[in-house]
Amino acid sequence: MPVPIERLNDLWLELRNIAVAEEEGTLNISEPFIHFPAGTPVSDIWIWFEISNNEFIVAQKLYGIPTHHSS
C-alpha cells in the first residue's frame, strides 16, 4: 500500500531540517529520521520516498522539475 503523497510531502519538509554530514563522498543523516538511523545515506532515504509512492519524484522536489502527465 503506497504512503499517501501528502504524508510524503510532510516528511520531505521534515527531512530538510535534518543535519547531514559527508563521509567518504556520501551524505549521511546525522540524526535518526523516521525509521532510518543516524548515518543512513541520504540517497537511501530518497529511494524510500520514491518506492513509497510512485507519484513522489525526488528530482522534482530537489530541482523543481515539473511532472508531465499523459492524458
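The values are calculated or read from the model by the stated rules, or taken from the named source; none is laboratory data. Computed from a prediction, not measured in an experiment: that's the story for all the values here. Quick reminder, even Gly has a Cβ in these numbers, built from the backbone with ideal geometry, and neighbours come from all protein chains shown. Quick note on the areas: whole protein, heavy atoms, side chains included, nothing else; ligands and nucleic acids left out. Shrake-Rupley method; radii C 1.70, N 1.55, O 1.52, S 1.80 Å.
Among the residues of region 43-56, just one is hydrophobic (A, V, I, L, M, F, W, C) and in a loop (DSSP other than H, G, I, E, B), namely F56. The set of residues in region 1-10 being over 24 Å from G39 (Cα atoms) and outside any helix (DSSP H, G or I) consists of M1, P2, P4.
Of all residues in region 39-67, those that are farther than 19 Å from L27 by Cα have Cβ atoms under 6 Å from Cβ atoms of residues that are outside any helix (DSSP H, G or I) and open to solvent by less than 40 Å² (accessible area, probe 1.4 Å), 6 or more apart or on another chain, in S52/V3; N53/V3.
Conditions: (1) at pLDDT 95 or above; (2) exposed (fewer than 13 other Cβ atoms within 10 Å of the Cβ). I65 meets all but one. Number of the miss? So I65 meets the others, but not (1).
Taking each residue of region 1-13 that is among the small types (G, A, S) and looking for partners that are open to solvent by less than 90 Å² (accessible area, probe 1.4 Å) and in a helix (DSSP H, G or I) with beta-carbon atoms closer than 6 Å, six or more apart or interchain, yields nothing.
A count restricted to region 11-42 and to residues that are in a helix (DSSP H, G or I) and open to solvent by less than 80 Å² (accessible area, probe 1.4 Å) stands at 4.
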